[in-house]
Amino acid sequence: LADLVDNLKGELGGKFETLIVALMTPPIAYDVTSLRNAIKGAGTDEKVLVEILASRTPQQVKEIVAAYRKEYDDDLEEDISGDTSGHFKRLLVILLQANRQQGIQQETIETDAQVLFKAGEQKFGTDEQTFVTILGNRSAEHLKKVFDAYMKLSGYEMEESIKRETSGSLEDLLLAVVKCARSVPAYFAETLYYAMKGAGTDDNTLIRVMVSRSEIDMLDIRADFRRMFACSLFSMIKGDTGGDFRKALLLLCGGDDA
């Protein structure tokens, strides 16, 4: 397989080559390479760190950390810590530790919502650490209940409060964690939409998401895409890409939901 990949690299070129090589890389190895490039390239590609660490299951994160150590003989947590700072770093580290609580803690739903409300909307300034701790450590099922309680209490969706109370990389990561707690496929539908919307296409994000979700939840992503936006994922890819790159992406997409 390695020889085949090397031969292909010489033959293809450009984003089509990037896509084909990505497709031939096992999923955990692909995440590991993506993270390594995000950290070790010029500057840090926060978008990649956010997307992968907010959306993968705790079990997948543990496998990624182990595979990273095996591949590079480095500690992923140390590498990310050395490359990021502040509350953004703290939340990435919590996600890397992959120790989210299991299930729903009925007795803490209300208090979690109240603590978040007091840390943000009710406070002059924001206690970011509270958002980091609660959103990083609770299960998705639990967080959904907290978001409902928060909405009743504050009159705001959790996403609205995060946008008002935080900014920059931390805001991006908190939003991704909240969206993934609500629905991972909807998070990726939105990610794909914004990778293609407007002038120019973010090919790297398009490739990363289409490849990494193709055998996991592509049908759900397509359904959410159709529901959330006024077109199908298939038609948007078709209108936004060309050549063999387009053909391959459309095959990954699998079908049109016109």
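Scan region 25-65 residue by residue and report those that are open to solvent by 60 Å² or more (accessible area, probe 1.4 Å) and either under 18 Å from Ile94 (Cα atoms) or not basic (Lys, Arg) (or both). Before you say what the answer is, go through the steps one by one.
First pass over region 25-65, keeping only residues open to solvent by 60 Å² or more (accessible area, probe 1.4 Å): 26-27, 37, 40, 42, 45-47, 57, 59, 62-63.
Within region 25-65, Pro26, Pro27, Asn37, Ala42, Asp45, Glu46, Lys47, Thr57, Gln59, Lys62, Glu63 qualify.
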Some residue of region 231-239 being in a loop (DSSP other than H, G, I, E, B), open to solvent by less than 20 Å² (accessible area, probe 1.4 Å) and at pLDDT 95 or above: yes
Residue check, Tyr187 surrounded by 20 or more Cβ atoms within 10 Å (Cβ to Cβ) and touching a Cys at 6+ places or on another chain (Cβ under 7 Å): yes
Residue match in region 215-222 (condition: among the basic types (Lys, Arg), farther than 22 Å from Thr18 by Cα and more than 14 Å from the chain's Cα centre (by Cα)): yes
Residue in region 14-29 that is within 20 Å of Glu215 (Cα to Cα), under 16 Å from the mean Cα position of the chain (by Cα) and in a helix (DSSP H, G or I) present: yes
Residue, nearest to Leu92 (Cα to Cα), within region 106-158, restricted to residues that are in contact with a helix residue (DSSP H, G or I) (Cβ under 6 Å, 6 or more places away or on another chain) and among the polar types (S, T, N, Q): Thr130
Pairs with Cβ under 6 Å, 6+ apart, first in region 30-50 and over 13 Å from Thr84 (Cα atoms), second open to solvent by 50 Å² or more (accessible area, probe 1.4 Å): Val32/Glu71
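If you check Arg222 against the conditions, is it in contact with a Cys (Cβ under 9 Å, 6 or more places away or on another chain) and in contact (Cβ under 8 Å) with a residue 24 or more places away in the chain? Outline the logic, then answer.
Numbers: in contact with a Cys (Cβ under 9 Å, 6 or more places away or on another chain): yes; in contact (Cβ under 8 Å) with a residue 24 or more places away in the chain: yes.
So Arg222 passes the test.
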Residues located in region 66-86, provided they are under 16 Å from Val177 (Cβ atoms) and either open to solvent by 50 Å² or more (accessible area, probe 1.4 Å) or not in a helix (DSSP H, G or I) (or both): Thr84
Test for Ile162: is it buried (at least 18 other Cβ atoms within 10 Å of the Cβ) and β-branched (Val, Ile, Thr): yes
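Yes/no per residue for (1) closer than 23 Å to Glu110 by Cβ; (2) at pLDDT 95 or above; (3) surrounded by fewer than 18 Cβ atoms within 10 Å (Cβ to Cβ):
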{"site": "Val146", "(1), (2), (3)": "yes, yes, no"}
{"site": "Met158", "(1), (2), (3)": "yes, yes, no"}
{"site": "Gly168", "(1), (2), (3)": "no, yes, yes"}
{"site": "Leu174", "(1), (2), (3)": "yes, yes, no"}
{"site": "Arg213", "(1), (2), (3)": "no, yes, no"}
{"site": "Leu219", "(1), (2), (3)": "no, yes, yes"}
{"site": "Leu251", "(1), (2), (3)": "no, yes, yes"}
Check on Thr201, part of a helix (DSSP H, G or I) and of a type outside the set (A, V, I, L, M): no
Checking Tyr193 against (1) of a type in the set (Ser, Thr, Tyr); (2) more than 20 Å from Leu19 (Cα to Cα); (3) open to solvent by 30 Å² or more (accessible area, probe 1.4 Å), the condition it does not meet: (2)
Inter-residue pairs, beta-carbon under 6 Å, first within 18 Å of Glu171 (Cβ to Cβ) and free of Cβ contacts under 8 Å to residues at least 12 places away in the same chain and in region 79-96, second open to solvent by 50 Å² or more (accessible area, probe 1.4 Å) and not in a helix (DSSP H, G or I), 6+ apart: none
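The values are calculated or read from the model by the stated rules, or taken from the named source; none is laboratory data. The shown structure was predicted, so the numbers you read here are calculated from the model rather than taken from an experiment. Here the Cβ is made from the backbone with ideal geometry for all residues, glycine too, and neighbour counts use every protein chain on show. The protein model used for the area step is the full one, side chains on, heavy atoms only, and it has no ligands, DNA or RNA in it. Shrake-Rupley method; radii C 1.70, N 1.55, O 1.52, S 1.80 Å.
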